[in-house]
Amino acid sequence: MKDNNNKINRRVRKPLLGCMLSALTVAGLSASLSANAAQFGLRVLDQSGMAVSGASVCVGLPGNYKQFGSSFTDAEGLAIIDVPNVPLVVTVSKTRFSGMRISEPARGFTMIKEVVLSEGLPGPRCRAGSTIADGPSLINVEHVDVIASADATSLQLDVTGSPSHYRVSSQSEFYDASWQPYDSRIILPLSLARQGQIFLQMRRYEGNSDSWLEARSSVVEVLLPLSDR
């Protein structure tokens, strides 16, 4: 007889996405994008060469430093923002480090650049209006339990960083998935429950269409039990 409430602790694996991105160094990365839009990214390091996670990055124009968006560096020290093909002003800051503000020329291709933050006086700060962008903390998926029963397959999550949304997909690029309001228990649709593996990501989003801050977890791979349903 089958156990109709079989709780399975599954191994969580993180794809090598972070490792691939961290290999993009100061030389930058060319991509075949349109001349009107691309992405600009920073990989932020400390003076010892270690990645600085949770640093605030604002990209905009003089007088409006967050015009094109803001983000926080991930565990690899990386933040990427969509930008138009215009000269940019980039501000990077984090508590206990000296902030910096740099100017970048217009480019019609994706560029990822390394910068080094040194400890010291605060310096320039990543701001939204008069408010320092000290927004959402980093989000980590600590553990995922797969709970399989006769009726449904669900995920029970242990997550830090107070996420506001999640998305789940059969593809690590999440082409077929949209952000959903966060719940610590996610009931999988049958189409996903039948997969051998799925991909999960969390985010915390604050703001509106004019000004926002967003933090995302790493993409997590979850192995599902084989099912004959």
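Every read-out reported here was derived from the displayed coordinates using simple, explicitly stated rules and does not represent laboratory data. Small disclaimer: the values here were computed from a predicted structure and weren't measured. A quick note on method: Cβ atoms are made from the backbone with ideal geometry, for glycine too, and the neighbour counts reach across all protein chains shown.
Here are a few things to note about the model shown:
- Shape class of the stretch 33-127 from the Cα gyration tensor (axes a ≥ b ≥ c, square roots of the eigenvalues): prolate, since a/c reaches 1.5 or more and a/b is larger than b/c.
- Cut-off 11 Å between beta-carbons: net charge of the residues surrounding MET100, Lys and Arg +1, Asp and Glu -1: +3
- Near the amide H of HIS165, within less than 5 Å, lie the amide hydrogens of TYR182, ARG203, TYR205, all on another chain or at least 5 residues away, with H placed in the peptide plane.
- Around MET50: net Lys/Arg minus Asp/Glu count, Cβ-Cβ under 15 Å: -2
- Ranked by how many other beta carbons lie within 10 Å on average, peptides 178-191, 140-153 from highest: 140-153, 178-191
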